[in-house]
Structure formats: C-alpha cells, structure tokens
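Below you'll find the structure, written out as structure tokens, and then a few comments.
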Amino acid sequence: MDLAQSTIREILSAMDERAALARILIGKVLSETNQPQFAEIENGNYDCIQNSDIETLSDNWTFEVHGEHCLFINRVTNQELEVSLGTIDSLENIDPYFFYKFLVTTNKYKHLASVFQHPFKEMLALFELLQQQGFLKRIHGVEFRKVNAG
C-alpha cells in the first residue's frame, strides 16, 4: 500500500476525532438514558450498557447495542460510528471495516474512504502497516488501538 504521508496523517487525525466522538456519544448514552447498571458502567464496565426505550439521543444520534459493540448513527447526516464496549479503554479500539464506515459517512473524511477499493482488506493492510510503523498496536483479532491514543 502506497499512500502519501499527508493521507496517513489525515487518517491518524480521523482516528483521534473518532475516539473523541466515541467518548461524547457514550457520555450521551449515560446521561440521556436510564441504564440499569449505571454504577457498573460508571466504574468502566461499558459492556453493561444496554439498549434503551429512548430512540434518539441529543443531536440526532441513535444507538444500538449488539454483542460487544454499539452502533451510533446520526439521523440527519447518516454518519456512523461503531464502538467496542468492554472497558473504558475499549472505546479506543478500531476495527478496520468499522473505521472505513466512519470515514465514508463523515463528510470531512469521505475523500479518504475513496482511496480504498476493497474496504476491509485494504484498511486492514493499512492498519498492519501503521502497526509496523509504531502508530497502532493490535489489541485482538482485527481490532487495533492508536499508540498513545486520546
């Protein structure tokens, strides 16, 4: 994979923006829904987050917990963000395909998504390259985390 350094910098920046948005959206779930295991979640056990009767969070965000993930979709912009649940650190985990979906649905980053003809395969190859270069570390399976993310 041969990407310009400016493209790689933009992708790394998109990862930071994605992580910040993930924290904001999880905060909305905690403050705007009645989570039965709120104390556990507040202690960092994000895998206790459950779906709610509230269909839409503020700023037009919806959320759906499924398995070990939570999918957020903005009803106005159609922006998507899928996060790993588990511990508070899991919000920093990045799956190649879910990250591609974030890029392709985020107006600011659509141009980056167009670089990938085979989204999962090529994004995974990029993540592995960024791992070799010390920007990412593999957490498990195909999930990565930005080194010194936050």
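Since every read-out is calculated from the coordinates, none of them should be taken as a lab result. Just so you know, these numbers come straight off a predicted model, no measurement behind them. With ideal geometry, Cβ positions are generated from the backbone for all residues, glycine too; neighbour counts draw on all protein chains shown.
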request  = Express in % the proportion of alpha carbon pairs of the chain at distances exceeding 21 Å.
outcome  = 43
request  = Assign one of three labels to segment 12-54, namely rounded, prolate or oblate, based on the Cα gyration tensor with a ≥ b ≥ c the square roots of its eigenvalues; rounded applies when a/c is under 1.5, prolate when it is not and a/b is larger than b/c, and oblate otherwise.
outcome  = prolate
request  = Show that you can apply the helix-only estimate: for the chain, add -39,500 (n - 2.57) for every DSSP H stretch of four or more residues, divide by all residues, and state [θ] at 222 nm to the nearest 500.
outcome  = -12500 deg cm²/dmol
inquiry  = Using a 7 Å offset from the Cα along the Cα-to-Cβ direction at both LYS108 and ARG75, what is the distance between the two label points in nm, to one decimal?
reply    = 2.4
